[in-house]
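Only the coordinates and a few stated rules stand behind these numbers; no lab work does. No experiment lies behind these values; they were computed from the predicted model shown. Note that we place each Cβ from the backbone using ideal geometry, even for glycine, and neighbour counts take in every protein chain shown.
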Amino acid sequence: MTSPIPGLITWPVLTDIALVLAGRWWLLRDSLVDRLINRGLAAALSEHLLRDAWFQHSLAWLLPGDDSDVVNIARQLSLGATVLCISHVYGVAMLWAGADPAHTWRRQWRYYLVTITATTVILTAGTPARRADQLIDQTLGWPAVVVWAAFSLPLGATALLVGRVCVREIHAAGDTAWQERALHTAVLGTAVGLGIVAVVYPVGTIISLITGQPSFDPEMHWKAWSGFLLSAVGAPAVITVPLISTLLTHIGWDRTGRYCRRLRPMWADLTAAVPEIVLEMRRDHNGRTDPAIRLHRMTVEIRDSLLHLERYSDSPDDLAATGGDPYIYARRIAEAIATKAAGHPPSASRFTPRHQVQPGARDLTAELRQLLALARAWRQVRGLTKSPSRTYVYPPAHGRGAASSPTSAR
């Protein structure tokens with residue numbers, strides 16, 4: 001069928017789908033689920049292109065044969081593209097339901113075989129409509145019933161599977177996981193819409209055939225709008241959410257990435273002073289590191305550096321403790337780094353067994369908050385680490401007068 005949806009609506013939506021697909025191929029293509037979703041999204045894009053009048057006429061101009069035949073074949077092939085898209089949704093739902101991931105592609109090839117069979121049946125039963133240069137619902141008859149049955153059976157099976165899994169996940173999510181419940185509810189709503197389509201299409205055609213009445217929608221406008229809302233708006237909206245989250249993570253705009261950026265100047269100076277505590281960071285095949293792992297490693301390496309630099313500090317306090325004024329501790333860290341860089345040996349009295357060191361906050365959230373405060377103070381004193389002299393002029397402490405920022409010389 002040729003889509004009755006205006007191009008002012010269709011093409012911006014198709015452009016969004018293409019951008020989402022490109023973004024997912026770039027950022028989300030490692031897991032089985034991501035690859036199935038990407039293939040399904042490509043099939044959905046093909047489905048809507050095959051229904052677009054401009055695209056159909058472009059195919060008629062490019063391909064040999066009668067223009068009406070090319071346009072009508074494109075219309076009916078769009079139904080096969082829909083089934084192809086649904087086959088990938090079914091594959092994702094099977095994994096979601098607990099199927100063995102090792103056999104994912106073996107199962108998917110069976111779904112492809114179902115897609116090829118359904119498309120062949122649709123094209124065969126749709127021959128009378130193509131010969132009459134009409135839409136399937138304009139021709140009606142038993143061939144139309146066969147077309148909609150072949151089209152609706154995969155949709156109905158997918159709707160049942162997705163709906164069953166969503167209900168199970170909603171019950172298992174608990175009262176506190178409202179984000180998961182909201183996502184599963186949205187997917188359940190899409191599955192219900194898919195189930196309604198799978199029932200109404202063939203049943204409506206059978207009723208029209210039995211009663212001898214023409215189709216209530218011979219131009220298939222309702223079918224076009226319902227399919228457009230489900231596959232071009234509903235489903236892409238659901239799968240765009242993880243893409244946005246991944247994109248923010250990739251460019252460092254997520255919360256974890258922001259924390260890493262705040263800690264990086266202090267981490268770079270501390271690990272440059274104590275390079276032996278830095279371990280090689282494991283990366284994926286694209287050279288990326290998970291932000292949560294990177295933040296954890298940065299936190300651990302900062303703490304290890306502070307413990308090491310404690311031996312070069314004249315202060316009796318533990319440099320790793322951050323419960324006091326972060327600006328005072330930042331200056332002491334700068335002094336310790338400069339002392340180590342000047343070649344002075346560590347103090348023998350500062351060799352404290354590691355199990356006796358009091359690391360300060362043990363709550364990870366509180367510790368991260370304290371290290372972020374220390375990193376903020378570090379920006380004002382990091383120049384001390386590069387001073388060639390052992391005489392330091394402290395910058396004014398944050399929120400304090402000159403009395404709390406004396407000039408000190410060793």
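Rounded to a whole number of µm²/s, how large is the Stokes-Einstein D of the range 7-250 at 10 °C and 1.306 mPa s, given Rh as the Kirkwood radius over C-alpha pairs? It diffuses with D of about 84 µm²/s by this estimate.
Averaging Cα coordinates gives a centre for the range 1-70 and one for the range 75-149; these two points are 16 Å apart. Among E310, E219, the ranking by other beta carbons within 10 Å of each residue's beta carbon, starting with the fewest, stands as E219, E310. Computed extension gain for T365 through A157, at 0.36 nm per residue and net of the alpha carbon distance, reaches 70.3 nm.
If the segment from R379 to I116 were pulled out straight at 0.36 nm per residue, it would be longer than the present Cα-Cα gap by 88.4 nm. For the range 107-164, the alpha-carbon coordinates run over 40, 23, 14 Å along the three principal axes, in decreasing order.
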